[in-house]
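S.K.: The structure under discussion is supplied below as structure tokens; questions concerning it will follow.
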Amino acid sequence: MEINQNSGEVISLQEAQDYTKTFQAAFPNDLKSFFVGINKLTLILEQLDCIGVRIYNGYSGKDNAKNLVLVGVGLDGEDLNQGVFWNA
């Protein structure tokens, strides 16, 4: 997959519902969703040369819980390793 400012795919409501229902059926004990506030997303996206956000699966040993880690992606397609990181 090419990484640029237009990466990703817009899907229909029906596709979104199908994906989430299929996931929930396959993994009934997993969290259904995470939430990221617009202010936190903006902090990541406003970084110099940031073209998007990469989302990693994470795990907190302290809380014994799955989480997400969001990091900005630069023009070269690599993670921005300085600046803002976010976890849900």
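The values are calculated or read from the model by the stated rules, or taken from the named source; none is laboratory data. Note that the structure is predicted; figures quoted are calculated from it, not measured. Cβ placement follows ideal geometry from the backbone for every residue including glycine, while neighbour counts extend to all protein chains displayed.
S.K.: For region 20-31, enumerate the residues that are in a loop (DSSP other than H, G, I, E, B) and either surrounded by 11 or more Cβ atoms within 10 Å (Cβ to Cβ) or free of Cβ contacts under 8 Å to residues at least 12 places away in the same chain (or both). Quick ask: steps written out before the conclusion?
M.R.: Going through region 20-31, the residues in a loop (DSSP other than H, G, I, E, B) turn out to be 27-31.
Listed by number, the residues that qualify are PHE27, PRO28, ASN29, LEU31.
S.K.: I've got another one for you. Would you check which residues across region 68-82 are surrounded by fewer than 20 Cβ atoms within 10 Å (Cβ to Cβ) and small (Gly, Ala, Ser) and list them?
M.R.: Passing the criteria: GLY74, GLY77.
S.K.: Now for a different question. Those residues that are surrounded by 12 or more Cβ atoms within 10 Å (Cβ to Cβ) and either modelled with pLDDT under 95 or under 21 Å from GLY74 (Cβ atoms) (or both), I need them from region 5-19; list them, please. Steps first, please.
M.R.: Restricting attention to region 5-19, the residues satisfying the condition of being surrounded by 12 or more Cβ atoms within 10 Å (Cβ to Cβ) are 7, 18.
Within region 5-19, just SER7 meets the criteria.
S.K.: When the residues of region 52-84 are narrowed to those that are of a type in the set (A, V, I, L, M, F, W, C) and assigned to a loop (DSSP other than H, G, I, E, B), which ends up farthest from ASN6 (Cα to Cα)? Even if it seems obvious, please write down each step before you answer.
M.R.: Step one: of region 52-84, the residues of a type in the set (A, V, I, L, M, F, W, C) are 53, 55, 65, 68-71, 73, 75, 80, 84.
When the remaining residues are screened for being assigned to a loop (DSSP other than H, G, I, E, B), the result is 75, 80, 84.
Numbers: LEU75: 12, LEU80: 18, VAL84: 21 Å.
Filtering first and then ranking leaves VAL84.
S.K.: Another question, then. Any residue at all in region 32-49 that is touching a strand residue (DSSP E or B) at 6+ places or on another chain (Cβ under 6 Å), modelled with pLDDT of 90 or more and in a strand (DSSP E or B)?
M.R.: Step one: of region 32-49, the residues touching a strand residue (DSSP E or B) at 6+ places or on another chain (Cβ under 6 Å) are 34, 40, 44, 47, 49.
Imposing the further condition that a residue be modelled with pLDDT of 90 or more reduces the set to 40, 44, 47, 49.
Narrowing further to those that are in a strand (DSSP E or B): none.
No, region 32-49 contains no residue that is touching a strand residue (DSSP E or B) at 6+ places or on another chain (Cβ under 6 Å), modelled with pLDDT of 90 or more and in a strand (DSSP E or B).
S.K.: Also, quick follow-up: If you take the residues in region 38-51 that are β-branched (Val, Ile, Thr) and surrounded by 15 or more Cβ atoms within 10 Å (Cβ to Cβ), which one is nearest to LYS66 (Cα to Cα)? Can you show your working first?
M.R.: Here is the first cut: in region 38-51, the ones β-branched (Val, Ile, Thr) are 38, 42, 44, 51.
Narrowing the set further to residues that are surrounded by 15 or more Cβ atoms within 10 Å (Cβ to Cβ) leaves 44, 51.
On the way: ILE44: 21, ILE51: 26 Å.
The selected residue is ILE44.
S.K.: If you check PHE35 against the conditions, is it loosely packed, with under 11 Cβ neighbours inside 10 Å, within 14 Å of the chain's Cα centre (by Cα) and aromatic (Phe, Trp, Tyr)? Step through it out loud before you land on a result.
M.R.: Values: loosely packed, with under 11 Cβ neighbours inside 10 Å: yes; within 14 Å of the chain's Cα centre (by Cα): yes; aromatic (Phe, Trp, Tyr): yes.
So PHE35 passes the test.
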